[in-house]
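Asks: Input: one structure, supplied below.
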Amino acid sequence: MKLTTTGRAAVLLSACGLMGTPAFAGNGLNVTGVGSQSLGMGSADIAVPGSTTAVTINPANLTQIPGSRLDASVEPFVTYGFSHSDSLNERQKSDQAYGTLLNASYSRKILRPDLTFGIGMFVAGGYGTEYEDLNTAFGTVDEYSAIFGVTRMSTGLGWQVTPQLSVGAAFNVSYASIRQKLFPNTSNAEAGFFGLRLDGADGVSYNGRIGLLYQLSPTIAIGASYATINKLKLEGGELSVNYSAIDQGVVRYGEARVTGFALPQDFGIGIAWQATPKWLISTEVTWLDWSGAAKNVRLTARDPETANADVPQNIELVQALQFHDQFVLAIGTAYDVTDRLRLLAGINIARNPVPDENVTPTINLTQELEFDFGIRYTLSKTWEIATAVQYQPEKSEFAENPAQPFTNARDGYGVLGLLFEVSRRW
């Protein structure tokens with residue numbers, strides 16, 4: 001099988017994951033929920049204050065947190081359903097199916113009682129997995145992997161304008177990183193295929209979020225939140241190309257960069273209803289502008305180690321992603337069994353934004369249905385603990401990507417995560 005330049009680009013740029021470990025997506029490349037409250041309610045929390053993760057979800061909700069508060073969570077997960085099959089490979093499972101997400105956030109009143117400051121560090125999104133021993137169309141057994149991830153630091157301020165109305169704004173600084181291996185030990189001059197490896201491309205980018213919270217009645221609250229697009233920087237990498245088939249060995253290019261990856265602008269609106277003193281019901285709808293954030297992705301590299309005329313001096317490869325927009329419906333509930341014990345549950349429904357013709361083993365499917373459950377327990381006036389379960393059912397689809405070096409390809413997806421959180425108030 002002969003791969004065109006566009007084909008090689010499509011495989012190389014099919015990268016998404018989390019900072020050196022396999023990662024999973026939720027709503028597109030974004031994580032579904034942040035922290036035990038958000039995750040436990042299926043992310044239906046734009047109109048539900050209580051957690052300092054509000055700084056990255058709806059900064060207006062910060063105003064409803066009394067005093068100072070710290071929330072820190074860890075979520076180990078398993079991508080149990082990540083798999084790839086084709087005419088040469090039968091249901092290959094990811095070789096590194098485990099990973100961990102970490103989040104921490106803090107808030108406190110500043111200057112006056114109606115102003116609340118918040119700051120936090122969060123996993124914002126990512127994707128990727130690793131297949132170390134795939135049979136290739138070139139008669140070799142080689143690695144196909146991609147890890148892409150985004151970590152975000154958010155700082156924000158919430159202002160309680162009136163007893164009913166709060167507004168807020170946050171500024172986000174994001175660090176993104178990407179690495180990729182596309183059959184790096186394979187080189188076939190007749191097919192025009194030369195294995196690739198991308199390392200060390202990363203960078204810092206910025207975006208913002210605004211939000212509001214309005215208490216319509218003693219039992220009904222309305223929340224809204226909008227974030228600008230986050231155009232990620234992935235620069236300063238090294239691209240290694242295997243030209244062994246033309247007797248040039250592995251050639252390294254400097255100044256490798258990937259452009260075109262972005263986390264989208266989004267707008268969400270939610271309603272929370274305190275149906276009884278113990279029972280809360282919340283729902284929200286969020287629009288994610290993936291069609292404006294994930295179009296064409298371009299890899300460029302230059303300055304190879306050799307000036308040999310057989311080796312290209314500059315590389316520019318383009319892949320079309322052409323993601324679809326998403327409308328995400330989230331429904332969540334919380335029930336206070338006692339003054340100390342709260343149970344949470346939620347469901348998150350969203351269309352997969354990745355077109356079938358652009359699915360690859362690493363830009364795989366994303367969740368369309370997620371079930372979440374949580375428990376929060378108050379230990380004392382200052383300490384709380386919580387846990388949440390995140391379950392994305394296994395699914396698979398045929399990948400109709402003509403630019404990939406596979407025939408009859410089918411890719412699968414499925415995730416199970418368990419979050420643990422500790423909170424302190426003072």
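The values are calculated or read from the model by the stated rules, or taken from the named source; none is laboratory data. None of the values given here were measured: they were computed from a predicted structure. Every residue, glycine as well, gets a Cβ built from its backbone with ideal geometry; the counts of neighbours run over all protein chains shown. Surface accessibility is based on the protein's heavy atoms, side chains included, excluding ligands, DNA and RNA. Shrake-Rupley method; radii C 1.70, N 1.55, O 1.52, S 1.80 Å.
Asks: Out of everything in segment 40-72 that is part of a strand (DSSP E or B) and open to solvent by 10 Å² or more (accessible area, probe 1.4 Å), what residue ends up being farthest from PHE122 (Cα to Cα)?
Replies: Checked segment 40-72; the qualifying residue farthest from PHE122 (Cα to Cα) is ARG69.
Asks: Provide a single number: the residues in segment 275-297 that are surrounded by 15 or more Cβ atoms within 10 Å (Cβ to Cβ) and either part of a strand (DSSP E or B) or more than 17 Å from the chain's Cα centre (by Cα) (or both).
Replies: Of the residues in segment 275-297, 10 are surrounded by 15 or more Cβ atoms within 10 Å (Cβ to Cβ) and either part of a strand (DSSP E or B) or more than 17 Å from the chain's Cα centre (by Cα) (or both).
Asks: Further, regarding this structure: Only one of (1) of a type outside the set (Val, Ile, Thr); (2) open to solvent by 70 Å² or more (accessible area, probe 1.4 Å); (3) within 28 Å of ASN89 (Cα to Cα) fails for ARG425. Which number is that?
Replies: (3)
Asks: I would also like to ask the following. If you scan segment 27-39, which residues turn out to be in a helix (DSSP H, G or I), of a type in the set (Ser, Thr, Tyr) and touching a strand residue (DSSP E or B) at 6+ places or on another chain (Cβ under 8 Å)?
Replies: Result: SER36, single match.
Asks: Any chance segment 302-309 includes a residue that's in contact with a Lys or Arg (Cβ under 7 Å, 6 or more places away or on another chain) and either at pLDDT 95 or above or closer than 21 Å to ALA169 by Cα (or both)?
Replies: Taking every residue of segment 302-309 in turn, none turns out to be in contact with a Lys or Arg (Cβ under 7 Å, 6 or more places away or on another chain) and either at pLDDT 95 or above or closer than 21 Å to ALA169 by Cα (or both).
Asks: Ok, one more. Do we have ALA272 as of a type in the set (A, V, I, L, M, F, W, C) and assigned to a strand (DSSP E or B) here?
Replies: Taking the combined requirement at face value, the residue satisfies it.
Asks: Say whether the condition of being more than 18 Å from ALA409 (Cα to Cα) and free of Cβ contacts under 8 Å to residues at least 40 places away in the same chain is met by at least one residue in segment 74-89.
Replies: Taking every residue of segment 74-89 in turn, none turns out to be more than 18 Å from ALA409 (Cα to Cα) and free of Cβ contacts under 8 Å to residues at least 40 places away in the same chain.
Asks: Go through segment 305-419 and tell me which strands (runs of 3 or more DSSP E), entirely inside it, have 3 or more residues that are open to solvent by less than 70 Å² (accessible area, probe 1.4 Å), of a type outside the set (A, V, I, L, M, F, W, C) and touching an Asp or Glu at 6+ places or on another chain (Cβ under 7 Å).
Replies: 341-349, 383-398
Okay, residues lined up against (1) among the basic types (Lys, Arg); (2) in a loop (DSSP other than H, G, I, E, B); (3) crowded, with 18+ Cβ neighbours inside 10 Å:
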| position | (1), (2), (3) |
| --- | --- |
| LEU101 | no, no, yes |
| ILE119 | no, no, no |
| GLU132 | no, no, no |
| PHE138 | no, yes, yes |
| ALA146 | no, no, yes |
| GLY149 | no, no, yes |
| SER174 | no, no, yes |
| PHE183 | no, no, yes |
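Asks: Search segment 284-296 for residues that are under 11 Å from VAL354 (Cα atoms) and pair each with any residue that is assigned to a loop (DSSP other than H, G, I, E, B) and among the acidic types (Asp, Glu) when their beta-carbon atoms are under 9 Å apart and the residues are at least 6 apart or on different chains.
Replies: TRP290/ASP325; SER291/ASP325
Asks: Just one of (1) touching a residue at least 12 places away in the same chain (Cβ under 8 Å); (2) open to solvent by 10 Å² or more (accessible area, probe 1.4 Å) trips up ARG112, so point out which.
Replies: It is condition (1) that ARG112 fails.
Asks: Within segment 253-269, can you find the residues that are assigned to a strand (DSSP E or B) and touching a Leu at 6+ places or on another chain (Cβ under 7 Å)?
Replies: TYR253, ALA256, ARG257, VAL258, ALA262, LEU263, ASP266
Asks: Just to verify a result, which residue in segment 151-172, among those that are β-branched (Val, Ile, Thr) and part of a strand (DSSP E or B), is surrounded by the most Cβ atoms within 10 Å (Cβ to Cβ)?
Replies: Checked segment 151-172; the qualifying residue surrounded by the most Cβ atoms within 10 Å (Cβ to Cβ) is THR151.
Asks: Which of the numbered conditions does ILE269 fail, given that it passes all the others? Conditions: (1) among the aliphatic types (A, V, I, L, M); (2) open to solvent by 10 Å² or more (accessible area, probe 1.4 Å); (3) under 30 Å from ASP411 (Cα atoms).
Replies: Of everything listed in (1) among the aliphatic types (A, V, I, L, M); (2) open to solvent by 10 Å² or more (accessible area, probe 1.4 Å); (3) under 30 Å from ASP411 (Cα atoms), ILE269 misses just condition (3).
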